[in-house]
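**Student:** Below: one structure in structure tokens.
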Amino acid sequence: MAAAESPGEGRMMEKIVSLCRRRGFLFQSSEIYGGMNGCWDYGPLGVELKRNVKDAWWRDMISAHDDISVLAGAPAAFEMVGLDSTILMHPQVWKCSGHYDLFHDMMVDCRESKKRYRFDQIRGRWVEAKGRRAFVAVIADADAEQEVAHARAMKFFNLRGKDADKLVWDGEFISLEDVGEVEEVLAPDAKTLGSLTEPREFNLMFQTNIGAVVDVESTAFLRPETAQGIFCNFKNVVDSSRVQIPFGIAQIGKSFRNEITPRNFTFRVREFEQMEMEFFCHPSQSSEWYRFWRDRRMAWYQAHGLSGEHLIMREHAEDELSHYSTGTADIEYAFPFLPPGSFGELEGIAHRGDFDLRSHSEGKLDPNSNPLVVELGENGKPKYKGSGKDLSYRDPVSNERFIPHVIEPAAGADRAALAFLCEAYCEDEAPDDSGKLQSRTVLRFHPRLAPTKVAVLPLVKKDGMPEYAQGLYRELKKEFPVFYDEKSAVGRRYRRQDEIGTPFCVTIDGETLSDGTVTIRDRDTMEQRRVKPDEVVEIVRRAMRT
RNA sequence: GCGGGCGUAGCUCAGGGGUAGAGCGUCAGCUUCCCAAGCUGAAUGUCGUGGGUUCGAAUCCCAUCGCCCGCUCCA
């Protein structure tokens, strides 16, 4: 096999996007109406791929999890349960989770410098010179803002150092929010006045209204992450399911973020599917559990085909972490659309301490406080009131009552599917029937992720081969997604299956009719061997399991 | 949101004011006992969308939507 093209080279991503469309993995949403930015539909093969990704995750997290053994690397045995919470939740959820503040900003654009600023972050001071008045805006730390403003004012009024006393400052530094005269503002990176646009609202959460009456009281948000549905149900799950700490609650579902610039195929989109798990444990063991989940999640991607150097784990440096967290790691993949050497996030594994449960109980905590305290509003009361419900946990053995710490592996299902797709994409060469090398496109999916597991092909369309093949097709179809194809030359049919990543092709030939054996062809090696038809199920099953 | 590039058949693209082309793919048939481009035949587009200029627009102009790249933003 000749050298395969690796991601990052050439027009790799264009080829993948083209293949996805041509073969029915992904289509642009609402395409017949011109498309919708940041929205993609999964076609017949794509939906199978993505569902296989989610199934593999769910199996690993929930249905195949062994509650009673102590897994390698784990501090103890643990339980796992699932959940499916709603997309619409009480508006207070997002205030206490921090999303409301984080995702809700007024922004201004500078027409001159093309930069965009958060409206509340721009401060400045009125100054007068040469009979003109200007509001010199800066983005700087409080102790440096006068220095920066002075330098900019000098430059703006075209003054020399000795004329510094001609600058007449008027008043103290104030926020741009308190300035009405937009046309007299010198934007932080501009040389002329009045280059800033009016402040515009940027809401990264999708807003809607509950009920038919539209008013402020009815405003609701589409969830920007699934995790909060888990935190809000923590008590319900504990009270109803007999789980004991340590345990995890997992959920797969759609989330929505009104990204300003959706880009890079399905990597940054406005509607996406998450696979999230919140793992609740005793604070004294949380660091061990963090390391366990971090390594386990990495191993999951590797086991499903991202085994090469395109996958990395990036541990956040100490100074990137919130003080209440003992660790955060991103699992990242070198997507072909990224510059060489850069990686895009597939999953974040975060040690979140007791931040979330306490915020939903006491009121939104100030993430910068240490120890964590409730963030206060201007009136000295909690900025966002919590539920007031006790979300602590009583250990039934020791009787100790504590607020559990949380380890959160949060993965993107669409991003994972895209990474598996990119990693699987491969162009190699294979000889045609005259021995000449021809290019071959093949998706080397892990058999568990492949949309179709087996193709059944009668070698020629005569001598009873189709009938025999159809019988085998029906038999295999009881177990897996199987494809039957009797059209055109067998070589071409092999290539078609390679291109959609079908791991096995079973061919019925003249020998089948005399001795009852079929050939099974391996997608990656293109080697075939003769087996009994009833062995096929076991071969495929085994490949999917490993 | 800003700047640049691009939208013609399922895909890759050619054409550049006078009523739409190629290759591949697809489909049908033939051939074929193992790795796509053998043979024969067929289908397919209001040239992204809307408007304007013109006797006439895929072609020129404007707007809009989408894609790609760079900024910006975002985890």
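Throughout, read-outs are computed from the coordinates displayed, never taken from laboratory work. Predicted, not measured: the structure shown is a model, and the values here were computed from it. Backbone-built Cβ (ideal geometry, glycine too); neighbour counts: all protein chains shown.
**Student:** Round to a whole angstrom and tell me the spacing of the C-alpha centers of the range A:352-392 and the range A:412-441.
**Tutor:** 51 Å
**Student:** Okay, next question. In µm²/s, what is D for chain A at 37 °C and 0.692 mPa s, where D = kT/(6 pi eta Rh) by Stokes-Einstein and Rh is the Kirkwood radius from Cα pairs?
**Tutor:** For these conditions, the coefficient is 119 µm²/s.
**Student:** Each label point is 7 Å from the Cα along the Cα-to-Cβ direction; what then is the distance between the points at A:ASN233 and A:ARG492, in nm?
**Tutor:** 5.0 nm
**Student:** May I pose another question? Calculate the dipole size of the range A:89-151 relative to its Cα centre from +1 charges on Lys and Arg beta carbons and -1 charges on Asp and Glu beta carbons; express the result in debye to the nearest 20.
**Tutor:** Dipole of the range A:89-151, to the nearest 20 debye: 360 debye.
**Student:** Residues of the range A:236-260 with amide nitrogen under 14 Å from the 7 Å Cα-to-Cβ point of A:SER63?
**Tutor:** Counting backbone N atoms under 14 Å from the label point, the list is A:252.
**Student:** For A:SER284 and A:CYS39, what is the calculated FRET efficiency with R₀ set at 60 Å and r taken between the beta-carbons, to the nearest 0.05?
**Tutor:** Numbers: r = 45 Å, r/R0 = 0.75.
That gives a FRET efficiency of 0.85.
**Student:** Determine the dipole magnitude for chain A: charges of +1 sit on the beta-carbon of Lys and Arg, -1 on that of Asp and Glu, nothing else is charged, the reference point is the Cα centre, and the result goes in debye to the nearest 20.
**Tutor:** 1220 debye
**Student:** Using Cα-Cα distances under 8 Å and only pairs 6 or more residues apart, what relative contact order does chain A have, in percent?
**Tutor:** Relative contact order for chain A comes out at 13 percent.
**Student:** What trypsin sites (Lys or Arg not before Pro) does the range A:396-497 have in DSSP loop regions with at most 14 other beta carbons within 10 Å?
**Tutor:** The qualifying sites are A:LYS436, A:LYS461, A:LYS462, A:LYS478, A:LYS487.
**Student:** Enumerate by residue number the GluC sites (Glu not before Pro) in the range A:496-546 meeting two conditions: DSSP loop (anything except H, G, I, E, B), and at most 12 other Cβ atoms within 10 Å of the site's Cβ.
**Tutor:** Passing both the DSSP loop test and the Cβ count: A:GLU527.
**Student:** Next question, about the same structure. Please compute the modelled spin-label separation between A:GLU79 and A:GLN470, points set 7 Å along Cα→Cβ, answer in nm with one decimal.
**Tutor:** The answer from the label model is 5.2 nm.
**Student:** Along the Cα→Cβ direction, 7 angstrom out, place labels at A:SER369 and A:GLU259. What is the inter-label distance in nm?
**Tutor:** 3.5 nm
**Student:** Continuing with this model, one more query. Taking R0 as 30 Å, what FRET efficiency do you get between A:ARG541 and A:GLU309 from their Cβ-Cβ distance, rounded to the nearest 0.05?
**Tutor:** 0.45
**Student:** Okay, moving on. I need the semi-axes of the equivalent ellipsoid of the range A:106-202: take the C-alpha gyration tensor, multiply each eigenvalue by 5, square-root it, list largest first in whole angstrom.
**Tutor:** Numbers: eigenvalues 98, 36, 28 Å².
Semi-axes, largest first: 22, 13, 12 Å.
**Student:** Another question, if that's okay. Straight-line reach from A:LYS385: which aspartates and glutamates have Cα under 13 Å away, leaving out those fewer than 8 places along the same chain?
**Tutor:** Result set, ordered by chain and number: A:GLU362, A:ASP366, A:GLU375.
**Student:** Suppose every K and R has +1 on its Cβ and every D and E has -1 on its Cβ; what is the size of the dipole of the range A:452-545 about the Cα centre, in Debye to the nearest 20?
**Tutor:** Dipole size: approximately 320 debye.
**Student:** Sticking with this structure for a sec: What is the log10 of I(q)/I(0) for the range A:131-188, computed with the Debye formula using one identical point scatterer on each Cα and no solvent, at q = 0.19 Å⁻¹?
**Tutor:** -0.69
**Student:** Give the calculated FRET efficiency between A:GLU345 and A:SER29 to the nearest 0.05, with a Förster radius of 25 Å applied to their Cβ-Cβ distance.
**Tutor:** That pair, A:GLU345 with A:SER29, gives E of 0.65.
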